[in-house]
Amino acid sequence: MASEHPDDPCCVARTVIDCAQLGRAFVFRNGEGRDSVIDGFTIKNGYAVADPCAPTDTGGTGAGGEDAYGGAVACFGGSSPTLSNLVIQDCVARGRNGEDGSFVYPAFAAPAAPADPAPAPDQLPDPAPRDPNAPPDPNAPADPNAGMPGAPGADGAAGAPGADGSKGADGYNGGRGANGYGGAFYFDANSTPLILHCTITNCRALGGYGGLGGAGQDGQNGQDGQNGQDGQQGQNGGAGVSQGDPEGQGGNGGNGGAGGNGGRGGDGGIGGNGGDGGEALGGAIYFGENCKPTIKYCTITNSYIRQGLGNASGAGGAGAAAAMPARAAWPVRPATRTARTARTAVMASVAMAAMAASAAAWAKTAPGRRAVRSSSARAAKSRCRTPSSASARLSRPWRLSRTPVETVAPVVPVAVTAVPVALAAPAATVHRPARAGRRGRPATRAGPGRPVAPAHRRRALRPTTVAPSSTARAARPRSRTAR
């Protein structure tokens, strides 16, 4: 194939094949030889792959790019044509970009609810009435007439653990960027082309860009654990030997089963790897293995290669949370039939009656205590005013007083039992001598050979109580000073 005047540069310049970036100008696929001739043309804007920046669309699964072979002329299968008097301008062999792994996995469905635990075992039947003629039993109560105690209930079974969540799927890898070979001419392996008087300008081979890695799928949540089984009801206590005898104590209820552990949340999927960038070889001409071309009188200017760039990996999926453990079943209460003996009831009645009697006795003796305090104060005051009694009392300054301070409460009978209630023993009252007089005057003190001062000059004696013990000190009422 030739132009009208392939040897005339003006004719070659006016005979233009403009590919408009939609593809190549010529392709040889069937092993053609040198008798296949392309002569006297200007080829420009050839693209080995149309629209190489648009990756193949597979729905985001990361498809690889398409390799680019020869922006103007491509020879496959050992084809060896004759290329002469050609001007190649602005032709590109750029590999197609890889597709992003943009597929988004749907979220896992919620795990199924665990099965309900088995119902609690049935309560054991009541024990047989106690036989007084039976051989001794170490579990029998001390009362020979009381019923046998009930057996404890069985513990509930533990709940089954929840299933672990599924692992998230890994993200798709980004598509590989395609390779670019030969910006102007591409020759497959074992080619022997003849290239004469050709000019190659502004041609380039470019590697495609890799696709972005896809995101991993989030893990599935773990399944909830199964609730524990309820414990068995305790056995009722047995009946007494005869009617009216105390019944045996009911058995304790069984413990509820432990709740099952929640399932482990699934791991998030691994993010997809970013696609590798494509390789670029032969900015103007690329020759495969074992090629033996013949090149004469050719010019190549401003042609270059650029390797493709890889892309980033996708984000990993989030791991799911583990499920909460199930609650343990509540323990079962003991059986309602318990042994209550007559002795326990009597002791409770006696204690309550004693408390009531003590309170009543204390209330009845309150007026007597107030009367005793008043009479004691009057008696002490009158004794202080009598010279003869004051003289005798001052001669023996630490004499115990005969004045009674407290009384003893009577014993109160109770319907159930007699509870004596008595107050503390009376505290002894002693009199101290008066202190020294004011203004340096000596204290008036009656005794042998000493006159008794007039009544209006004497200071009143202050009675002082001495408690014989801590118990009596706590029991006696506080007295006032008689003046």
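The values are calculated or read from the model by the stated rules, or taken from the named source; none is laboratory data. All values derive from a computational prediction rather than experimental measurement. Cβ coordinates were reconstructed from backbone atoms using ideal geometry, including for glycine residues, and neighbour counts include every protein chain displayed. Keep in mind that these areas ignore ligands, DNA and RNA; they rest on the heavy atoms of the full protein, side chains included. Shrake-Rupley method; radii C 1.70, N 1.55, O 1.52, S 1.80 Å.
When we screen ALA20, ALA50, ALA63 for residues that are farther than 21 Å from LEU281 by Cα, open to solvent by 30 Å² or more (accessible area, probe 1.4 Å) and small (Gly, Ala, Ser), the only hit is ALA20.
Considered as a group, the residues in region 183-214 that are open to solvent by 10 Å² or more (accessible area, probe 1.4 Å) and outside any loop (DSSP other than H, G, I, E, B) include one that is nearest to ALA109 (Cα to Cα), and that residue is LEU206.
Is one or more of the residues making up region 259-281 of a type in the set (S, T, N, Q) and at pLDDT below 85? No, region 259-281 contains no residue that is of a type in the set (S, T, N, Q) and at pLDDT below 85. Hey, does region 61-79 have a residue that's out of contact with any Phe, Trp or Tyr (no Cβ under 6 Å at 6 or more places or on another chain), part of a loop (DSSP other than H, G, I, E, B) and of a type in the set (Val, Ile, Thr)? No: region 61-79 contains no residue that is out of contact with any Phe, Trp or Tyr (no Cβ under 6 Å at 6 or more places or on another chain), part of a loop (DSSP other than H, G, I, E, B) and of a type in the set (Val, Ile, Thr). The sole residue among GLN232, GLN249, GLN217 that is open to solvent by 40 Å² or more (accessible area, probe 1.4 Å) and either assigned to a loop (DSSP other than H, G, I, E, B) or closer than 22 Å to GLY319 by Cα (or both) is GLN249. Residue count for region 4-16, restricted to those that are surrounded by fewer than 17 Cβ atoms within 10 Å (Cβ to Cβ) and either in contact with a Cys (Cβ under 8 Å, 6 or more places away or on another chain) or of a type outside the set (D, E, K, R) (or both): 7. Just so you know, in region 92-149 the residues that are among the polar types (S, T, N, Q) and without any contact (Cβ under 8 Å) to a residue 40 or more places away in the chain include one that is surrounded by the most Cβ atoms within 10 Å (Cβ to Cβ), and it is ASN139.
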